[in-house]
1. Looking at (1) outside any helix (DSSP H, G or I); (2) open to solvent by 30 Å² or more (accessible area, probe 1.4 Å), which one does Ile268 not meet, given that it meets all the others?
2. Which numbered condition in (1) closer than 30 Å to Asn96 by Cα; (2) open to solvent by less than 30 Å² (accessible area, probe 1.4 Å); (3) assigned to a loop (DSSP other than H, G, I, E, B) is the only one that Ile330 fails?
3. If a residue has to be within 24 Å of Asn194 (Cβ to Cβ), touching a residue at least 12 places away in the same chain (Cβ under 8 Å) and not β-branched (Val, Ile, Thr) to count, how many in the stretch 238-270 make the cut?
4. Starting from residues that are aliphatic (A, V, I, L, M) and in a loop (DSSP other than H, G, I, E, B), keep the ones in the stretch 166-186 and report whichever is nearest to ligand 1 (Cβ to nearest atom).
5. Looking only at residues that are open to solvent by 20 Å² or more (accessible area, probe 1.4 Å) and near ligand 1 (Cβ under 7 Å from one of its atoms) in the stretch 10-24, which one is nearest to the chain's Cα centre (by Cα)?
6. Taking only pairs six or more apart or across chains, which ones have beta-carbon atoms under 7 Å, a first residue in the stretch 187-208 that is free of Cβ contacts under 8 Å to residues at least 12 places away in the same chain and part of a loop (DSSP other than H, G, I, E, B), and a second residue that is more than 14 Å from ligand 2 (Cβ to nearest atom) and open to solvent by 10 Å² or more (accessible area, probe 1.4 Å)?
7. Take the residues in the stretch 285-333 that are without any contact (Cβ under 8 Å) to a residue 12 or more places away in the chain and of a type in the set (A, V, I, L, M); name whichever of them is nearest to Asn36 (Cα to Cα).
8. Identify, by number, the condition in (1) part of a helix (DSSP H, G or I); (2) of a type in the set (A, V, I, L, M); (3) more than 14 Å from ligand 2 (Cβ to nearest atom); (4) open to solvent by 10 Å² or more (accessible area, probe 1.4 Å) that Leu47 doesn't meet.
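The values are calculated or read from the model by the stated rules, or taken from the named source; none is laboratory data. Please read all numbers here as calculations on a predicted model, not as lab measurements. Cβ coordinates were reconstructed from backbone atoms using ideal geometry, including for glycine residues, and neighbour counts include every protein chain displayed. Remember, those area values only see protein heavy atoms, side chains included, never the ligands or the DNA or RNA. Shrake-Rupley method; radii C 1.70, N 1.55, O 1.52, S 1.80 Å.
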Amino acid sequence: MSKEVVVSGIRSTGYLHLGNYFGAIQNYVKMQDEHNCYFFVADYHSLTTHPDPKDLRQNVYRVVAENVASGLDPEKVALYAQSDIPEIPELYLMLNMLAYKGELEKVPTFKDKVRLQPENVNAGLLTYPVLMAADILIHRAVKVPVGKDQEQHLEMARNFANRFNTRYGADFFPEPQVYRSNQDTVKILSLDGNGKMSKSENVNATIYLSDEDDVIRKKIMKAKTDAGPTEPNAEMPDYIRNLFVLMQVSSAPEVTAKFTADYNNCNIRYGDMKKQLAEDMANFVRPIRERAAELQQDHAAIQRILKDGAEKARASSAATIAEARKMIGINYY
Ligand code: ADP
Ligand code: TRP
């Protein structure tokens, strides 16, 4: 039986963090043996916020280096840059004819951006979900490992796939579904309790894969807590639950069990919990940071990964586009 096709992307907008790792990359690594995987750096998507041209290459290299340092094997998957696959913008153009202004304007991530950067509401921002759908549909993927913030975009990708199928021929594009292996990590909150960890916001309350041990310790010791529960087995506030989720993925099970029991018995000492979490998280991040720093300097290695990845991704993309053109009627010679 042929393996299921998986696609996911990460924008080249800065340093990767624990949200990217636990919400996305960890799933990539889990899927790489049993699936036909296409993972890419969404560099075109990052242009919606007008990055400085001199930063782009370094940001793209960093996403590649941090993925490989996290355990992604470029021999097993196609790891490539979105801009190396010209078939993606071609499919994006085709899908744009099936996407409506009204539905695009209603997307929450678009509305957020309008609020955050009112001076730069470009058409690329509006059609961001169409480009994302093209990224996925170009390989006719069925599974997409992403965090919770991407659910609405995936729903739109299914809509565009169905519209194309209805208009030009049934069952060409399968409906891509969100994949997740751990419900708890689909949204890693910022340590100050305000929103999610992110590449560009809440930088002092986000732990990056490139953070040194001391920086990790400082950030975790400053994480938001409170006076503790006053009745046994109380429901955890979001920011406390987030610390337990981080502990669950980085500490030994008996350590998490001990602090969970302390919480449930109302004798938890958050200072002790944070000290333990800081050490365990520093131990967790250190090998990834060190390996990524080394790899990022090896430009020849990164370029080889990107070239090999693009070759694999283009083979699959060219087949889809050739077929799509024919279905649309672009078939003149
Ligand atoms: P960011 O939002 O930090 O700029 P991206 O938009 O490039 O990161 O997201 C890359 C992947 O990481 C996506 O699958 C996204 O859902 C996931 N992701 C981003 N932030 C988080 C978070 N705080 N918790 C869980 N997953 C996240
Ligand atoms: N929009 C995604 C994000 O901000 C990144 C992305 C672009 C993506 N294209 C994709 C994710 C295709 C999955 C599949 O996180």
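1. If we test Ile268 against (1) outside any helix (DSSP H, G or I); (2) open to solvent by 30 Å² or more (accessible area, probe 1.4 Å), just (2) comes out false.
2. Ile330 satisfies every listed condition except (2).
3. Of the stretch 238-270, the ones within 24 Å of Asn194 (Cβ to Cβ) are 238-250, 259, 263, 268, 270.
Checking the rest, the ones that are also touching a residue at least 12 places away in the same chain (Cβ under 8 Å) come to 238-240, 242-250, 259, 263, 268, 270.
If we keep only those that are not β-branched (Val, Ile, Thr) too, we end up with 238-239, 242-244, 246-248, 250, 259, 263, 270.
Going through the stretch 238-270 one residue at a time, the tally reaches 12.
4. Filtering the stretch 166-186 for residues aliphatic (A, V, I, L, M) gives 170, 178, 186.
Checking the rest, the ones that are also in a loop (DSSP other than H, G, I, E, B) come to 170, 186.
Numbers: Ala170: 30, Val186: 6 Å.
Across the stretch 166-186, the extreme among qualifying residues is Val186.
5. Among those residues, the one meeting the criterion is Asn20.
6. Pairs that qualify, where the first residue is free of Cβ contacts under 8 Å to residues at least 12 places away in the same chain and part of a loop (DSSP other than H, G, I, E, B) and the partner is more than 14 Å from ligand 2 (Cβ to nearest atom) and open to solvent by 10 Å² or more (accessible area, probe 1.4 Å), are Asn194/Asn202; Gly195/Asn202; Glu201/Gly195.
7. So, considering only residues that are without any contact (Cβ under 8 Å) to a residue 12 or more places away in the chain and of a type in the set (A, V, I, L, M), the one nearest to Asn36 (Cα to Cα) is Ala315.
8. Just one mismatch for Leu47, condition (3).
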